[in-house]
1. Kirkwood Rh over Cα pairs of the stretch 187-248 into Stokes-Einstein at 25 °C, 0.890 mPa s: D in µm²/s?
2. To one decimal place, what Kirkwood hydrodynamic radius in Å is obtained for the stretch 73-127 from all pairs of distinct Cα atoms?
3. How compact is the stretch 164-205 by the rule of thumb for globular proteins, expressed as Cα Rg over 2.2 N^0.38 Å?
4. According to the Cα gyration tensor, what semi-axes, each the square root of 5 times an eigenvalue, does the equivalent ellipsoid of the stretch 79-226 have, listed from largest to smallest in whole Å?
5. For Arg196 and His117 in the same chain, what is the full-extension length gain: residue separation times 0.36 nm, less their Cα-Cα distance, in nm?
6. Thinking of the chain as a set of Cα atoms, what percent of all their pairs are more than 30 Å apart?
7. Within 10 Å of each candidate Cβ there may be at most 14 other Cβ atoms; applying that plus a DSSP loop requirement, which GluC sites (Glu not before Pro) in the stretch 155-249 survive?
8. Rounded to whole Å and ordered largest first, report the semi-axes of the equivalent ellipsoid of the stretch 1-154 derived from its Cα gyration tensor (root of 5λ).
Amino acid sequence: MTEITDRADVERILHDPAFVVAEADPTATRPADRFRARASRFANGAEHEGRRRRLEAMLAAMDPDVLATVARSRTRAGAGADAEEVAARVPVATLAERLGFAEPGAAPPLVAALADHYPTGDAAAVRLVAAAREHAHPDTSATADADAREEDAALRVQLLVQAHAATAGLIAGALARPEAGDPDVPSAILVEAVLRDAPPVRRTRRISSEGDPLLLHLDGPDREAADAPRLLAFGAGPRACPASRHALAIATAVVDAVRGC
């Protein structure tokens, strides 16, 4: 596998449609694998574009300011809890609530199991997809076919899975910075510093048009940057994270609440 470390090269690859992702098996029968087969993350071409548009519609219906308010409230309600536990629980529960999941407070451990491919991943996938079906996307009518409703639910679950480790890492990284103890330093500055210097997601993968696998470093040097290296924490190009504003709102609110700001 070829590794690309310089951020300038990585960004160009991320913008180039000739570089694709490894696709999930559409014939898979295990619940966790069926979830992957319906997610946008493991699709290319028109299939990815259609699923991406549906994800963006879901996100457009969620006001980042409202997410911040919910995240702040959930963090304060658990005052005294370990910061790492808060970082793992609050972002997922907040998104699950606004996405209409049944029992959003139960989602974080299920998402962790699915994201980490624990032996319980299949059971978690079944429960999460069922919980997501409780609130079908407006574009998915009650008469829509079962496959469309299943895909809609999978896309909602995908948003939780992608937020799980990344947002928790962003919160933990911000709270661990030396300046976090200074009340005069805004939480947004702490979060921005983590995204630039130590992004929680540091690697992503692509496949070249020749079929060669590439490992792209999102946190490497940047030979073209005159000052600070470019920010690739949310990716770039057509697969850039569609929920960056939402993630920043939630992470900053949680960091604020933990710091007592």
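1. The Stokes-Einstein estimate is 189 µm²/s.
2. For the stretch 73-127, the Kirkwood estimate is 11.7 Å.
3. 1.17
4. 31, 23, 14
5. 25.6 nm
6. 29
7. Answer by residue number: Glu210, Glu224.
8. 27, 22, 18
Since every read-out is calculated from the coordinates, none of them should be taken as a lab result. Treat the numbers as computed from the prediction; the structure is a model and nothing was measured. Here Cβ is always computed from backbone atoms with ideal geometry, including for glycine, and neighbour counts include all displayed protein chains.
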